[in-house]
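These notes concern the structure reproduced below.
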Amino acid sequence: MSAKPRPLRAALSRRAAAVGRCQLAGLLGLRVALAGAGVVGALLLLPVGLGLRLLPPAAAALRRCGDRARQRAERWSGVRITAPDPLPRTAGAREVLADAGFWRDLSWAWLEPVVGGLLVAVPPVLVVQGLFGVVVQPFVWRLLDDGGNWYAFVPVHSTGLMLAALVLGLGFTAAGLLLAPPVLRLHARWGRRLLAAPRITELRRRVGQLTDSRAEVLDGQAAELRRIERDLHDGAQARLVALGMRLDSATRLLETDPPAARAALLEVRELSGRALEDLRGLVRGIQPPVLVDRGLGDAVRSLALDSFLDVDVEVRMAGRLPAAVESAAYFAVNELLANAAKHSGAGRVDIRLAHDDAGRPGDGDAGGPRLRVTVTDDGRGGADPSRGTGLLGVRGRLATFDGSLVLHSPQGGPTTVTLEIPCASSLPKTSSC
């Protein structure tokens, strides 16, 4: 019986924390105003030369305030704000004035204490006003009953009106608690309009990202071609050459030594079977037939059946994804399963595949349909992409599609890897999921 109120207590705790964050954001707006005032003072002193020395440190202090605001927006509301390029530590006044991000920071510093401060002040004011009506008015209304004791729009001079004020206070408190999370999100989105990196900076980063991912794709394709050539040369090609030699030997022995010819033909049949297995293995390494025929869900289930770990697969996808996306996700999951088996000491792995048509809520930059794959193992944790090439290779494979890899692997476990790939589900469903 005592476990039922826990979700309510947890919800109230989250909303109370959101109210506290609104109050903290309002207080931090004063610091932002001070940083903006320092920058304006340095700008006013530019004609007399003193501003040349004061402007760079003032701009750096303002940039730090903006960076903290971006971090808070993502941590509190899930709204990601792209940061402008950092100011060089040796930047002078001219470099600061030529930086587009500096002017965006300055406009935010002057508007945040007014617009943002008034916005985030609403939930705390409602909660404080509500608590006054609930906690204070029932005990002091008789002492203050001089005809001027008002609570909001209620004149409190009787027990009935005191109860009305108490109910109104409860309503104010509930409204403040309910409004705090959406107000925080609205505040973060408003801040993104001013604090986001200039468009030219985003385009420059995008060009650099595409250049890097293109180079990685070309390197990956070249390495894949070398692997295929090596496997063909060392595997199927060598067996086919041996098969041809044994066939030639069997042909010469047919008339002179039929038993030996029969043995050679049996060996030829065995060699042909091995060559066929090599070719099938090579095809599976390029594009597994189950992935082509049945889709990503059944292909991942096939990987789970082949693994010696206890693997649970949950698929929530209504249709097929683009072939390139399915291939990238399949080989990424294959690599993660291999890492879990080799390095984590895990006994169980949970894989979740879901296609979200609406994108992530609360983050306008990451909207749109996307494939989300979550792989969790119960191993020892402590995974680090810098200590191996497996996770780096997965991250590079996903970067081709503007995808991302997020790793959470504390010491002692569990390890959770979340993959996200922007994509649309457009093909008819063929998987049995």
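Taken together, the values in this text are just the output of simple stated rules run on the coordinates, not laboratory data. For clarity, every value in this text was computed on a predicted model and none was experimentally measured. Note that each Cβ is placed from the backbone with ideal geometry, even for glycine, and that neighbours are counted across all protein chains shown.
In the chain, the longest principal axis of the Cα atoms and the axis of helix 323-339 are about 90 degrees apart.
The slack between Val207 and Leu118, meaning 0.36 nm per residue of separation minus the straight C-alpha distance, is 28.2 nm. Listed values for the stretch 10-17 are Karplus-derived 3J(HN,Hα) couplings in whole Hz (6.51 cos²θ - 1.76 cosθ + 1.60, θ = phi - 60°), namely 5, 5, 5, 5, 5, 6, 5, 5, and x replaces Gly and Pro. A simple count of charges around Val313, restricted to other residues whose Cβ falls under 9 Å of its Cβ and scoring Lys, Arg +1 and Asp, Glu -1, yields -1. Hey, if you put +1 on the Cβ of every Lys and Arg and -1 on every Asp and Glu Cβ in the stretch 6-195, which of Val125, Leu184, Ala152 ends up farthest toward the positive end of that dipole? Towards the positive end, the residue furthest out is Leu184. This structure gives Kirkwood radius over Cα pairs in Å, computed directly, and of [x] 22.1; [y] 27.8; [z] 26.3 that value is listed as [y].
Note on the chain: with charges restricted to the Cβ of Lys and Arg (+1) and Asp and Glu (-1), its dipole about the Cα centre is near 1340 debye. Using just its DSSP H runs of length 4 or more, each adding -39500 (n - 2.57), the chain gives a mean residue ellipticity at 222 nm of -21000 deg cm²/dmol after division by all residues. Each of Arg63, Arg189, Arg94 was scored by other Cβ atoms within 10 Å of its Cβ. Arranged with the fewest first, they read Arg94, Arg189, Arg63.
Restricting the calculation to Cα atoms, the stretch 294-422 shows an Rg/Rh of 0.95 when the hydrodynamic-style radius is the Kirkwood one. Between 0 and 90 degrees, the angle of helix 159-195 with respect to the longest Cα principal axis of the chain falls at about 50 degrees.
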